[in-house]
Amino acid sequence: MNSNEIIRWGIIGVGSVCEVKSGPGFYKNPNSQLLAVMRRDLEKARDFATRHKVPLWYDNADTLLNNPDIDAVYIATPPAQHKDYALAALAAGKDVYIEKPVTLNADECKQLIAAAAQSNNKVCVAHYRRALPFFVHIGELLRAGAIGTPLLARIEMLRPAPETPYSDDNWRLNPAVSGGGLFHDLAPHQLDLLLHWFGGVQTASGIALNQRQLSAADDLVQGWAQLASGLVVQGRWHFALAPMHKRDQGEIIGTLGSIHFSFFGDATLQLIDNNGERTITLSHPEHVQQPLIAQVNDYFRGNGANPCSLQDALAVMELMDCFSQTTKQAG
């Protein structure tokens, strides 16, 4: 594609994630136009299009994919539909940007990799936190040796039990639609950052349990992994605890200090070293996917490398699959 061309986008699945997090990034970035949106409820598609000044709206994905004026497609449906929509978009000759988790599991991601290899089109995955200025800064601190050689990383995400069981409004608790539970919704961001900073997985192990049986999804996941750099990752996720235990903590410990931060909270970190403790506060942009969408747009235009590839997403999916394997009773 000519690097001077504007990328004309279509979105499949304009739900809540598109309202602020991602949708505006497709028309606020330079050389990018949001031309069409699709949702199965035509009135909701029209409402989104009207409010965001999008020229076209559909209730059928094939109609959007068959529009020759659309260059690239953002797939923002629940994960169960990602693979089929991505395959259809590639078959229609579109570049593709897919929400995370990229698919229900690693095997589905491998199918997309094979299809993309046979296509002339490009595919990126929405692990957008790696492009946020806050996490870019953490990466810069790590590369600059601010904590020496990183040895250990810890992820701890504890959430209260959901107020209601599975319904159409909280599909994330239906493994057939989401791939698992809230672990599959949130952990991709956390694990992608660590793999982005420290390299691929050398060895890993994990367990998953549905301790409280409040939905069909496991509410507990624990795992550990050794990454290519030698760093060891320890992770603990629980989504059915008392509200007093709510926690979102990331910690990276090195030979000379440590960095402490929140994955989903405000953009504040604590850097602890021999000189004491220092707090660094940045800010997240209004549209948190916009920085990565800008990089994706440039990549699709022929400027720059893929900011988040299917291979990157596969590494995350394989680690998630390993961490979330259900334990079996002894005997």
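The values are calculated or read from the model by the stated rules, or taken from the named source; none is laboratory data. Keep in mind the model is a prediction, meaning the values are calculated, not measured. For neighbour counting, all protein chains shown are included, and Cβ atoms are generated from backbone atoms with ideal geometry for every residue, glycine included. Each accessible area value is taken on the protein alone, full model and side chains, heavy atoms only, with ligands, DNA and RNA left out. Shrake-Rupley method; radii C 1.70, N 1.55, O 1.52, S 1.80 Å.
Among the listed pairs LYS110/LYS246; LYS21/LYS246; LYS44/LYS83; LYS53/LYS94; LYS53/LYS246; LYS21/LYS110, those whose Cα-Cα separation exceeds 30 Å are LYS110/LYS246; LYS53/LYS246. The antiparallel fraction among DSSP beta bridges confined to the stretch 151-291 stands at about 80%.
Packing here is the average count of other Cβ atoms within 10 Å per residue, and on that basis the peptides 74-87, 230-243, 261-274, highest first, run 74-87, 230-243, 261-274.
The mean sequence distance of close C-alpha pairs (under 8 Å, at least 6 residues apart), as a share of the length of the stretch 105-248, puts its relative contact order at 29 percent. One way to sum up the overall shape of the stretch 196-248 is the equivalent ellipsoid from its Cα gyration tensor, whose semi-axes run 27, 13, 7 Å, largest first. Label-to-label distance for ASP273 and ALA305 is 2.6 nm, based on points extended 7 Å past Cα in the beta-carbon direction. For the listed peptides 138-144, 319-325, a ranking on the average number of other beta carbons within 10 Å per residue, highest first, reads 319-325, 138-144. Calculated translational diffusion coefficient of the stretch 241-302 (20 °C, 1.002 mPa s; Stokes-Einstein with Kirkwood radius over alpha-carbon pairs) equals 148 µm²/s. Please give the calculated 222 nm ellipticity per residue for the chain, where each DSSP H segment of at least 4 residues contributes -39500 (n - 2.57) and the sum is spread over every residue; nearest 500 deg cm²/dmol? Taking each H run of at least 4 residues, the total per residue is -9000 deg cm²/dmol. Scattering from the C-alpha atoms of the chain alone, worked out with Debye: what is log10 I(q)/I(0) at q = 0.10, 0.11 1/Å? With no solvent term, the Cα-only Debye profile gives -0.60, -0.73. The apolar share of the surface of the chain, taken as the fraction of accessible area on carbon and sulfur atoms (1.4 Å probe, ligands and nucleic acids excluded), comes to 49 percent. For the stretch 18-127, a Kirkwood hydrodynamic radius built from all Cα pairs, placed in the Stokes-Einstein relation at 37 °C and 0.692 mPa s, yields a translational diffusion coefficient of 229 µm²/s. Where in the stretch 272-331 are there GluC sites (Glu not before Pro) that are in a DSSP coil and have at most 14 other Cβ atoms within 10 angstrom of their Cβ? Answer by residue number: GLU286.
Charge dipole of the chain (Cα centre as origin; +1 on each Lys and Arg Cβ, -1 on each Asp and Glu Cβ, all else neutral): 200 debye, rounded to the nearest 20.
Here the label points at GLU5 and ASP69, each 7 Å from Cα along the C-beta direction, are separated by 1.5 nm in the simple model. Once backbone amide H atoms are built at 1.01 Å from N, SER32 has ILE7 as its partners under 5 Å, excluding neighbours fewer than 5 places away on the same chain.
The length gained on full extension between SER205 and GLU156, counted as 0.36 nm times the residue separation minus their Cα-Cα distance, comes to 16.0 nm. Take every Cα pair under 8 Å whose residues are at least 6 apart in sequence, average their separation, divide by the length of the stretch 17-66, and the relative contact order is 32 percent.
Annotation: the antiparallel percentage among DSSP beta bridges lying fully within the chain is about 55. At 1.4 Å probe size, with every protein chain present, just tell me what the per residue accessible area of the chain comes to in Å². Per-residue accessible area for the chain comes out at 44 Å².
Subtracting the Cα-Cα distance of ILE280 and LYS110 from 0.36 nm times their residue separation leaves 57.3 nm of extension gain.
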